[in-house]
Amino acid sequence: MENVHSCAMCPFFSASLKELVKHLVKCHRNAPRFIVHCSVVGCGASFKNYGSFKSHVSRKHDNIDIEVCTTQRENDVGTEDFEDPMENAEDEFESTHDHAASYYMLKLKSMCYMSESGLNEVQMSTEYLVNQKLDELKAKLCETNKLTQEEIDGLVGCKQPIFHGLNSTYLLKKSWKKRFNLIEPEKIKLGEIYKNKQGIHNSAKRSLYRVEKVDVYGCYVPIIGSLQALLKCPSVSKHIMTHTVTDFGSDLMEDVFDGLYFQSDPYLQQNPQALAFALYSDDFELANPIGSHRKTHKLTAFYYVLLNIPPHLRTKLEAIQLVAMAKTADLKTYGFGKILENCKKCFQQLYDGVVMTTVSPTGANQRTQIKGKLAFVLGDTPAAQLMGGFKEGVGKAYKPCRTCEVTHEELENNSIIIPSPLRDENEHLERCENLTSEMTRQARKYWSKMYGVTRRSEFLDVPEFKATKCILQDPMHVLLEGIIPMETKLLLVHCVEMKFFTIAKLNAIIRSFEYTREEKKDQPVEISRDNVQSDSKLQQTAQSMKNLLVLLPFMIGNFIPETDEKWINYLRLIQITLLTFSSVASTRTVNTLKLLIATHHSAFRRLYPERPITPKMHYLSHIPKQICDFGPARNHSCMRLEGKHGECKDKKYRNFKAIHKSVTVQHQYKMCLQQFNADGSASHAYLSEDDIVKEGHTCSIADREFRHSMIQREYGDSEDCCQHW
């Protein structure tokens, strides 16, 4: 039986598939309600986008020879030559089309968070609108000019549609890869899980289930690929090519390269322009953290920061690059090993050197050998412990600190004031080897608890990385999310009991306090009475907690006696916080911090004997040594890094299947948009210096060109304008 190919939008039909395609291109390609049904026998698929229909025929029906399908009816219509629109998608992509169209679609995808179907609708509507305007322009030209229709078409006609070669998801991604260096994430197999899959129903209408093995994946963005895209930006290459390790002659430290660890590093001394990286990991919630889906869609993200970028530019969110992302539940089940293994391989390659394209000071591209190393790792306590191979729950380890050999018994005595000996890297390697040797399960469990170590970290294979020294204590989690909320709550309870003021009065002061513009962004929230009396933490963010700490003396200082010991100790905590988050540090800063921390902890033990000493209070005692080795603690704090999660939460997701992949892909679209211009060139605005706005000087406009226009714009057509003129 002869196969008939009919159009779903008009009465047209043909026995030739080629003729139907020609009709769709000529009459309906830009129709707002485009629809086509595949009329190949046994198929019947429907499409609302012409590009999807074309790709479908190329993939599914490539064995159909269009010329063989041609019948006598085709010969009646005519066999004039025309460009076959059913060519392979690869050939179509190679055709020339405007960068602006591809950039336009990328902007809709990354900034407006449009879905694939939404992009298709925008494409069709935009093409329809542009064609309508072109037709109106042609008609006006015909009326006002003595030009033929062919000449007008040559002037304003489009040889091909606006989104030619961009009418499918596959072609869009390929265009973004070629023109804007899109780095797509790779799948990393974390493990396997067996799930029950529902099958057919039997005669008793009961569901049959079959067990299937399903692979569990995470997403990984190649570090070398994202670094290559980063180095193509002129503003980044400028800092890389001009960066040198500063001389340690000065006592002041402003960046991580001013610390003893970098100053004494032989690798950085031999390679002054080598790159230094900081890796960071943290968990975040996409859904409402207090709703019914709490922890259901919790994700773990890994980021890296290029430390060669100056600190004031390094804190910008676009400077923080995504490395990997996976569901937190999957990582707790299968571990960090698979993801950290890929990071380890990239850092090993960078240590030996990788040839990349950079931008020279003249603006020309050049091939340069880039070397680099992993400097340190950041994260909250559980994440840092896991990445280093230490026990995640410090309460279950005999030695809870990953920096020193302190034990739980010593924490309860005096070791919180007098630090224990630091962990030795060689001894740590021996302990890891002992845990991997042949021993019984009970023996391994015992020694793991004694050492506080669970496995050998993948970072130990990274050249010159020391797990006992380079996994830093985070000042934000130690102070702003640990010690400060706890002691602030204890102080408020003390003040209420002593009847210095009430919680209602404090809240009234918080509401009426005159905050600066910067403080209003993270203004402290009111404190509920139940929150103070219960065991829950104060409901403040890290930055709002810092603002409350600094402003509390101005709010309640007049109500508390100056001789109150708990208030005096709280003022010491304020001094510790301000020195810790200072942008500049020196040897004097380190010595002062050591003295303040020892005094504060000793007084805390005496003033609050019922409160146990927390591990974070011990971690704080390592911050002065950390500043001495890695520069001001402000530059290795996780506060700004946690702000990166906000970009992942901007889009509202409705489909949570493989949600980690959706978030990763969306992030890469946004980075691609930020790093490149519409013409495909690297953006000069990426990580650029902010404009310096300052007061200028006054000058007369009497002898200036366009003075009349300037006065008229200011005063309009009033009499004042005439007087000034």
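Beyond a 28 Å Cα-Cα separation, which of these cross-linked pairs lie in this structure: 107/520; 445/661; 177/338; 22/651; 48/109? Cα-Cα > 28 Å for 107/520; 445/661; 22/651; rest within.
Counting only protein heavy atoms and a 1.4 Å probe, tell me what percentage of region 384-457's accessible area is made up of carbon and sulfur. In region 384-457, the share of accessible area belonging to carbon and sulfur is 52 percent. I need the phi-derived Karplus couplings for region 306-320: 6.51 cos²θ - 1.76 cosθ + 1.60, θ = phi - 60°, integer Hz, Gly and Pro marked x. Running phi through 6.51 cos²θ - 1.76 cosθ + 1.60 with θ = phi - 60° gives 7, 6, 6, 6, x, x, 6, 9, 5, 7, 5, 5, 5, 7, 8 Hz. The slack between residue 9 and residue 426, meaning 0.36 nm per residue of separation minus the straight C-alpha distance, is 142.6 nm. Pairs of Cα atoms nearer than 8 Å and 6+ residues apart set the relative contact order; for region 419-576 it is 21 percent. By accessible area, using a 1.4 Å probe on protein heavy atoms only, region 475-593 has 51% of its surface on carbon and sulfur. Were the residues from residue 364 through residue 349 laid out at 0.36 nm apart, the gain over their Cα-Cα distance would be 2.8 nm. Average accessible surface for region 596-638: 33 Å² per residue, computed with a 1.4 Å probe over protein heavy atoms with every protein chain in place. Once phi is turned into θ = phi - 60°, what whole-Hz ³J(HN,Hα) does the Karplus curve with 6.51, -1.76 and 1.60 give for every residue of region 644-655, x standing for Gly and Pro? Result, rounded to whole Hz: 5, 4, x, 5, 6, 8, 5, 7, 8, 9, 10, 10. Too long at a 28 Å Cα-Cα cut-off: which of 327/625; 327/371; 316/649; 189/469? Cα-Cα > 28 Å for 327/625; 327/371; 189/469; rest within.
Only Cα pairs under 8 Å and at least 6 apart count here; give the relative contact order of region 295-404 as a rounded whole percent. After rounding, I find 16 percent.
The values are calculated or read from the model by the stated rules, or taken from the named source; none is laboratory data. All values reported here derive from a predicted model rather than from experimental measurement. In case anyone asks, the SASA skips ligands and DNA or RNA and just uses the protein heavy atoms, side chains included. Shrake-Rupley method; radii C 1.70, N 1.55, O 1.52, S 1.80 Å.
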